[in-house]
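Below you'll find the structure, written out as structure tokens, and then a few comments.
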Amino acid sequence: MMGAFNKRITGWEWLGAAAVLILLVLLPFVASSFQLRLAQQVLLFGGVALAWSLLGGFTQYWSFGHAAFFGLGAFTAGLLAQALGHGISGPVKLLLGLALAALINFAVAAVMAMPVLRLRGTYFAIAMLALAQVLGEVSKTFDIFQGSMGFVLQRIAVPGLNSVQTFYLLFLLFAVANVAIFVWVKRSRIGMGLTCVGQDEDTAAMLGIPTERYKLLAFVLSAVLTSIGGVLYAYSLAFITTDTVFRIDISLNLILFSMVGGLGTVAGPFIGAAIMIFITQVVLGGLLHLHFLVTGAILVFIVIAAPTGIIGLRNRLPGLARRATGSEART
Amino acid sequence: MNGVILAQTLVDGLILGGIFALSAAGFSLIFGVLGIINLAHGIFVLIGAYIGLAIGRETGIDPLAALPITVIVLYVGGYLLQRTLVAAAVRRGSLMSSLLITFGISLMLRDLILLAFGPNVQTLSSSWLLPTLHWGSVLIDGARATGLIASLVLLGLLSFLLYRTKLGRAMRATAQEDFAAGLCGIDVDNVYASTFGLSAAFAGASGIIIGLINPFVPSDDNYWTLNAFVVVVLGGVGSPMGALLGGLLLGAISTFSSQYVGSLYPNVFIFGTLFLMLILRPNGLLGSAYKGSV
């Protein structure tokens, strides 16, 4: 595990990443509209799950309320677009929305971090859940936020591409940016510090790791990236209400995707998102009423059978074989 | 006139609070003894209400008479659930995995309720309700008063169980120090499962009472889970008294904010209170900081 911090990224790894990227860029020109919509979701929610992992993937600070930032971003962009009126073109509005959402979420997360990051474990998780619920209720209750009736966002049109292709490429950009940031954080001192916080926070602080600063940084970065995902999602839907963005299942899906794929890994959230979206929307496409039953069953199964996710399962296989022979004592 | 509104709001708040307290007592118990947050708690509450509904439909038994059956069914269900899934999660790893497990269970159970009963709004009605009372110009709704009395009786029963029986003593010992309790010959695994079963049973009982007062739908479970959490955070973990205090406070917050601020605002106030309490005093008003917020 410790080797991961200073191991060089090899030429083969660069090559593999480049190949995957090229395939992903070419995908919108060969795939059907339905397939592309699925890929869109994998990229967006995988990317947001990766943003969640900046804090939750390394430490025990598992936010159960990242929909708070997702929704805050979406609402910021929506209200801004409405305030700007029809005189300004869609792409400009999108860019302004992204900038403002990032700014507002930066401020909100920085202020919230102070009290919230003092809580640990389940208390942190539930405080975030409450934060998401408060923001959702506020957006619904106060008329100026229009949460219950929602608002329409202008369609973004790029010549030569249809809307699904356009947003696919935007989500791809978002995912790639998140991957770059995640890899950078993971390989830096911050990532090592956060991993130490995850193993034993008090000991880490005692050894001189600036735990508070690293947690704050990861929390704020995670919030800002999540809000950017929210803005893009809002524009891709073109119409949002409180119930489309401040959804408890968005918060939980982020955790689920990370868990299924492998916590704290780069590819994990995307693998998890791909598997879960494939199962719930393709395999169970005609059985929407079983959606939650299957999601719940997979969640339970993963936690019990493979707590380190698919990636962890691959790494753990030799250990499992050894345990099967009964030579390992139970701890 | 203002005095009457104030008195009425207070009475409504306290009655609602008593019922909130019962719905949260089981949640508090699991939190205190097992140290885990049971995100499936709200669904246990709903299952109680739906079992009452199903028994009423099939046999015509009054929901309040069906309460013991509900309690037994949920006790057994909760016991088995803990023995199989939840215990495995707790043994597997962090307490966070128990959050995920219980959330997964709640998703599955909610879907099962949807399949069995459909998404429609349901209500329970009982012929054993007290008549509506007029006390001066303050009105005391009969259904709510019945619910309050049933809640207080059940909370008393829980207190008796915890402080006067052998199982209760074993549970309190396990809550304090599970390892030492095991050394003293207590079957800790069994205590854990019994606690879970008991918690589910009390949640189910509160579900029937809630069903008598409010209409319910399968997607209400998040509301009841969060409500239970607010009650526990307000009152403190593990004791029926804490749950009662937290419940009464939550009831008062809920009715006062809808009376004096606006009927849409109670949720904002409830979750706002939860958030503030977590930050200012995460162990609850009656709780001690001994175990810490870890």
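Laid out as a table, the results:
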| item | result |
| --- | --- |
| Qualifying residue in region B:83-90 (condition: within 24 Å of B:SER126 (Cα to Cα) and either within 13 Å of another protein chain (Cβ to nearest Cβ) or in contact with a strand residue (DSSP E or B) (Cβ under 6 Å, 6 or more places away or on another chain) (or both)) | no |
| A:LEU263 touching a helix residue (DSSP H, G or I) at 6+ places or on another chain (Cβ under 8 Å), at negative phi, within 13 Å of chain B (Cβ to nearest Cβ) and not in a helix (DSSP H, G or I) | yes |
| Hits in region A:23-36 (condition: crowded, with 16+ Cβ neighbours inside 10 Å and assigned to a helix (DSSP H, G or I)) | A:LEU24, A:LEU27, A:PRO28, A:LEU36 |
| Hits in region B:206-232 - residues which are more than 11 Å from B:ILE43 (Cα to Cα) and in contact with a Phe, Trp or Tyr (Cβ under 9 Å, 6 or more places away or on another chain) | B:SER206, B:ILE210, B:GLY211, B:PHE216, B:LEU226, B:ASN227, B:ALA228, B:PHE229, B:VAL230, B:VAL231, B:VAL232 |
| Residues within region A:167-201 that are modelled with pLDDT under 90 and surrounded by fewer than 15 Cβ atoms within 10 Å (Cβ to Cβ), tallied | 2 |
| Among the candidates A:GLY136, A:GLY147, residue that is within 24 Å of the chain's Cα centre (by Cα), within 14 Å of another protein chain (Cβ to nearest Cβ) and not in a helix (DSSP H, G or I) | A:GLY147 |
| Residue within region A:84-95 that is within 14 Å of chain B (Cβ to nearest Cβ) and without any contact (Cβ under 8 Å) to a residue 60 or more places away in the chain present | no |
| Hey, B:SER151 of a type outside the set (Asp, Glu), surrounded by fewer than 18 Cβ atoms within 10 Å (Cβ to Cβ) and in a helix (DSSP H, G or I) or not | no |
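The values are calculated or read from the model by the stated rules, or taken from the named source; none is laboratory data. On a predicted model such as this, the values are computed, not experimentally measured, just so you know. We place every Cβ from the backbone using ideal geometry, glycine too, and count neighbours over all the protein chains shown.
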